[in-house]
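To start, the structure under review is shown below, and the notes come after it.
What follows is calculated from the coordinates using simple rules that are stated; it is not laboratory data. Small disclaimer: the values here were computed from a predicted structure and weren't measured. Quick reminder, even Gly has a Cβ in these numbers, built from the backbone with ideal geometry, and neighbours come from all protein chains shown.
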Amino acid sequence: MSDKKTVAVIGAGISGLCAAYWLQKEGYDVQVFEKSGHAGGAIITEREGGFLIDLGPNSTLETSEVLKELVGELGLGSQKIYANEAANKRYIVKNGELMPIPMSALSFLKTGLFSWRAKLRLLQEPFLKPTLGDDIALADFVRHRLGREFLDYAINPFVAGVYAGDPKALSTAAGFPKLYALEKNYGSLIRGALLGARERKKRKEVAKDRARMFSFRDGMQTFTDALAREIKPIAFHTSACGLRQKGGGFELEIEQDGRRQTKEFDMVVCCVPAHALAALLSETAPEATGPLADVRYPPVSVVYMAFKKEDIRRELDGFGFLIPEVENREILGSIWSSTIFPGRAPEGHVAFTSFVGGTRQPDNALLPKGQLEELVLGELKALVGISGKPVFTRIKTWEKAIPQYKVGYKKIQAIFDKLEKQYPGLHFAGNYRRGISVGDSVLSAHETVERIIQGIPGKV
Ligand SMILES: Cc1cc2nc3c(=O)[nH]c(=O)nc-3n(C[C@H](O)[C@H](O)[C@H](O)COP(=O)(O)OP(=O)(O)OC[C@H]3O[C@@H](n4cnc5c(N)ncnc54)[C@H](O)[C@@H]3O)c2cc1C
């Protein structure tokens, strides 16, 4: 019998795949269990007739060396593509018009996106007192530091684009820790942004606003497919449905083809969404199930739509647009996929990937496909100017899309540290732990594996 430590990794999203990959590399005997028939979780790329469709993340930011090195180590360097320079231009909808986000001091002074009052208000920011309390909603934080217009026309659409969430509900400290730290450490966002750049350089970190956006020639699934190829075959269509401590390890109950069986492991790394975790931990840690089940994952529909180029009135000269809630429209925003990366639509065509729902309009995300198509088409026609019909449409509804780090979320994050300490050998990694992006999920897995290797339970 092998004397390798056995590890069950539950969930084959990017977090689970990374954890399995690194643990296997360290000599652990790893088995991954995945409920669906797909490796990659939220990362799904499809290709049909010259259209390349990312139904989950369309790209991610190269925010850490860990992510960069992993992509290189998997031999994907030559397939990695950075976003087109044109994608630096982003639009916000104001009064039904697309207005570019100012990218320089001069364009900021000239922009009609913010009033003169709002621009002058920014000058006060370095002199304002810190916000009170250590767990404040992002909306309150931004209203205090930057003013109402910035909240409505910069932060609200940005949060819809990243979290499909609501700044009134999200926690500054848990969901936007770097922003929070600027105020805490420097007393001001503007001062902190200037001084912090020097410290980031020392820590070899890249600020999210500077990090380069990338994907792969054949879409985001290239990444997770490569990871899946490197690890022992995944047990697909296998749901983890129960977990108990046994001896010095764990007994995992799995369901496959309607049959239940148990398997024993020295360690378990849980990489499933918080709602699935709640069910899984009901026997081992019943105290955690309530809070974990309460983590909200609003629904989001991703609507990929391609048109003939000549049917679009305006030039698609940017990343796309986001819509502030105060504009009262029916979608959250739309990215111009064929401008950002090459090969997303055949020659002579353009592709839009639009996002519908989130906490703002959850019912919209759950509309039948025909109605969703109508809704998105109507908004694209009004905002971008489209004369023809789409030549290709693909829709994916994520009923539980992205975890919302709401005010109080620090307590949820603390649950994972506590459980890891309380139950040695039980570990967690995922987009509910240290950020929701693909890059954050990779880092979450990396930190978890580091703790396992070093034998440190709990906090990073
Ligand atoms: C529509 C959408 C757009 C996004 N856009 C971006 C973007 O542009 N850039 C970016 O960086 N990030 C983006 N994200 C976020 C990012 O994609 C995710 O946060 C990240 O991929 C999550 O990875 P994960 O492995 O933690 O979880 P998941 O991908 O959710 O993987 C969890 C896995 O666990 C499996 N599972 C669940 N229960 C069980 C069980 N009981 N037993 C076994 N397996 C189970 C699931 O089937 C799934 O495969 C987006 C997310 C969505 C949904």
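Under 5 Å between amide hydrogens, built in the peptide plane, is the criterion, and for V9 it picks out Q31, V32, F33, V269 among residues at least 5 positions away or on other chains. Each residue of the stretch 161-169 is assigned a 3J(HN,Hα), and the resulting list reads x, 8, 9, 6, x, 10, x, 6, 9 Hz, derived from the Karplus form 6.51 cos²θ - 1.76 cosθ + 1.60 (θ = phi - 60°), x at Gly and Pro. Using C-alpha pairs below 8 Å separated by at least 6 residues, the relative contact order for the stretch 261-400 is 32 percent.
For the listed residue pairs K400/K421; K89/K381; K80/K396; K94/K400; K5/K421; K4/K263, the alpha carbons are over 22 angstrom apart in K400/K421; K80/K396; K94/K400. Computed from backbone phi, the HN-Hα couplings of the stretch 304-313 come to 8, 9, 10, 10, 6, 4, 5, 8, 9, 6 Hz, rounded to whole numbers (Karplus: 6.51 cos²θ - 1.76 cosθ + 1.60, θ = phi - 60°; Gly and Pro given as x). Using Cβ point charges alone (K and R +1, D and E -1), the dipole size of the chain about the Cα centre works out to roughly 1360 debye. Less than 5 angstrom separates the built amide H of W398 from those of V300, S301, V302, all sequence-distant by 5 or more or on a different chain. For the stretch 116-204, what number of Lys pairs, 8 or more residues apart or on separate chains, have alpha-carbon atoms under 22 Å from each other? Count of close lysine pairs: 12. Here the Karplus curve 6.51 cos²θ - 1.76 cosθ + 1.60, taken at θ = phi - 60°, turns the phi angles of the stretch 247-255 into couplings of x, x, x, 9, 10, 9, 9, 10, 10 Hz, with x standing for Gly and Pro. Full extension of the chain between R148 and N88 gives 19.1 nm of extra length, using 0.36 nm per residue less the Cα-Cα distance.
Scanning residues 5 or more positions from G320 or on other chains, those with amide H under 5 Å from its amide H are Y91, W336, with H placed 1.01 Å from N in the peptide plane.
Go through F355, G455, I136 and say which Cα lies farthest out towards the positive end of the charge dipole of the chain; charges sit on Cβ, +1 for Lys and Arg, -1 for Asp and Glu. Of the candidates, I136 comes out farthest on the positive side. Ranking A382, V295, L74 by how far each Cα lies toward the positive end of the dipole of the chain (charges on Cβ) leaves A382 at the top. Taking each residue as 0.36 nm, the span from A193 to E447 lengthens on full extension beyond its C-alpha to C-alpha distance by 88.8 nm. Please work out the Cα center distance from the stretch 89-168 to the stretch 416-460, rounded to the nearest Å. Each part's Cα centre sits 33 Å from the other's. Relative contact order of the chain: 24 percent, from C-alpha pairs under 8 Å at least 6 residues apart in sequence. Within the stretch 136-153, whose backbone N sits under 20 Å from a point 7 Å along Cα→Cβ of W116? Zone members listed by number: 147-150.
Positive-end ranking of L146, I312, A278 along the dipole of the chain, with charges on Cβ about the Cα centre, is headed by L146. Between A414 and E73, the simple spin-label model (points 7 angstrom out along Cα→Cβ) gives 3.3 nm. Placing dummy labels 7 Å off each Cα toward the beta-carbon, the span from R229 to E399 is 3.4 nm.
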